[in-house]
Amino acid sequence: MKSVPAFSLPKRLSIFAVAVFAFAEISSAASKQKSHPQFEALPLTRSGQNHLLVRAQVNGRSAVLLVDSGAPATLIDSRRRSDFKLAGVGNNPELPTSVLINGVADKLAIVHSLRLGALDIVDIPVVVANVSSPHRVARMLREQQIDGILGVDVLFGTKAVMDCQDQVLILNMFPEAGARDPQLDLRGFHKMPIYVNDGFNLFVNSSVNGTRARLLVDTGAVMTTLHLPFVRQLRIPYYETAFTSSGVNRKGDAVNVAEIKRLSVGSVNMSGKAIGVADLKWLFDGKRRSSLTSPPVVGLLGAEVLKSHHAIIDFGTRTLYLKE
């Protein structure tokens with residue numbers, strides 16, 4: 001999802017800590033995190049398409065959510081609405097009954113309890129949309145069916161830290177207290193600021209063959225992808241493939257491939273990278289374009305680069321950490 005909701009979700013989170021057992025299955029990465037009581041370290045699993053998934057409870061029912069730094073809002077799959085007993089927004093004057101996502105009006109609902117480990121987020125507005133692939137496609141791609149998407153409304157609200165290689169999501173149980181998990185080791189990482197626009201999209205400075213640009217930090221994108229007109233402008237050769245990419249309320253876009261001789265994100269060089277090329281016109285709607293224009297946004301920083309360069313995304317300080 002790359003659309004901007006019409007309201008400010010991060011300001012509407014009501015967060016409470018509760019003493020419950022997180023999950024029976026703890027990954028080796030998460031078990032190493034002897035977290036401070038202020039922090040909750042949740043294991044993430046990696047899907048066949050390189051997505052990072054977290055186990056949650058939605059109104060007391062088990063759920064699998066894709067952790068997506070490119071999604072401004074949390075979504076619940078419309079096919080699970082009755083299972084999760086989602087409530088309507090009622091007559092709340094601060095919330096619309098629907099929001100536009102990539103040109104389609106999707107209903108808004110209230111989750112009375114979104115539990116992530118020992119953290120319970122109450123009465124959170126969510127978008128109800130079709131977010132999972134058909135079962136046939138999911139089996140073909142070895143992709144686990146998901147029940148929804150955990151968006152940056154929750155990640156900002158909990159001042160989360162997401163480790164894309166070790167597959168851990170660290171939530172701040174008391175975000176108003178600030179601070180960062182003392183167990184987090186950032187030695188050897190390159191540090192770079194994340195720029196956040198009005199629609200809660202995350203961007204980092206980059207360079208493509210010497211041209212300054214910005215990329216949207218998108219853990220929900222399978223691969224790093226550049227906008228087709230930008231690639232043509234730089235006269236970079238690209239090659240057709242049989243691959244397509246899709247998103248919420250978007251049909252599949254053809255994805256080509258180009259080899260970028262000089263690619264850097266912040267001060268981290270990634271020379272000789274095979275990068276996706278697609279028409280990302282949905283990325284350049286008025287809301288995104290209006291608040292971040294220099295240097296221009298030219299594409300997505302996707303999951304394969306975030307994993308290979310051990311990305312750590314700190315939503316509290318709005319910082320991206322990468323290794324060479």
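The values are calculated or read from the model by the stated rules, or taken from the named source; none is laboratory data. Quantities reported herein were computed from a predicted structural model and do not represent experimental measurements. A quick note on method: Cβ atoms are made from the backbone with ideal geometry, for glycine too, and the neighbour counts reach across all protein chains shown. To get the accessible areas, we keep the full protein, side chains included, count just its heavy atoms, and leave off ligands, DNA and RNA. Shrake-Rupley method; radii C 1.70, N 1.55, O 1.52, S 1.80 Å.
Contact map, the range 101-125: residues that are at positive phi and among the acidic types (Asp, Glu) paired with residues that are at pLDDT 85 or above and open to solvent by less than 10 Å² (accessible area, probe 1.4 Å), Cβ distance under 8 Å, separation 6+ or inter-chain. Pairs shown: ASP123/VAL111. When the range 60-75 is filtered for residues that are surrounded by fewer than 24 Cβ atoms within 10 Å (Cβ to Cβ) and modelled with pLDDT under 95, only GLY70 remains. Mind checking which residues of the range 158-206 are within 14 Å of the chain's Cα centre (by Cα) and among the small types (Gly, Ala, Ser)? Within the range 158-206, ALA160, GLY199 meet the criteria. Residues that are open to solvent by less than 70 Å² (accessible area, probe 1.4 Å) and outside any strand (DSSP E or B) within the range 91-102 comprise ASN92, LEU95, PRO96, ASN102, listed in sequence order.
Considering only residues in the range 164-186 that are under 28 Å from GLU324 (Cβ atoms) and open to solvent by less than 20 Å² (accessible area, probe 1.4 Å), the one that is modelled with the lowest pLDDT turns out to be ASP181. In the condition set (1) part of a loop (DSSP other than H, G, I, E, B); (2) of a type outside the set (A, V, I, L, M, F, W, C); (3) at pLDDT 95 or above, SER113 is compliant with all but (1).
Answer yes or no as to whether SER82 is open to solvent by 50 Å² or more (accessible area, probe 1.4 Å) and among the small types (Gly, Ala, Ser). Yes, satisfied. The strands (runs of 3 or more DSSP E) falling completely within the range 187-250 that include 1 or more residues that are buried (at least 18 other Cβ atoms within 10 Å of the Cβ) map to 202-208, 211-217, 225-227, 244-247.
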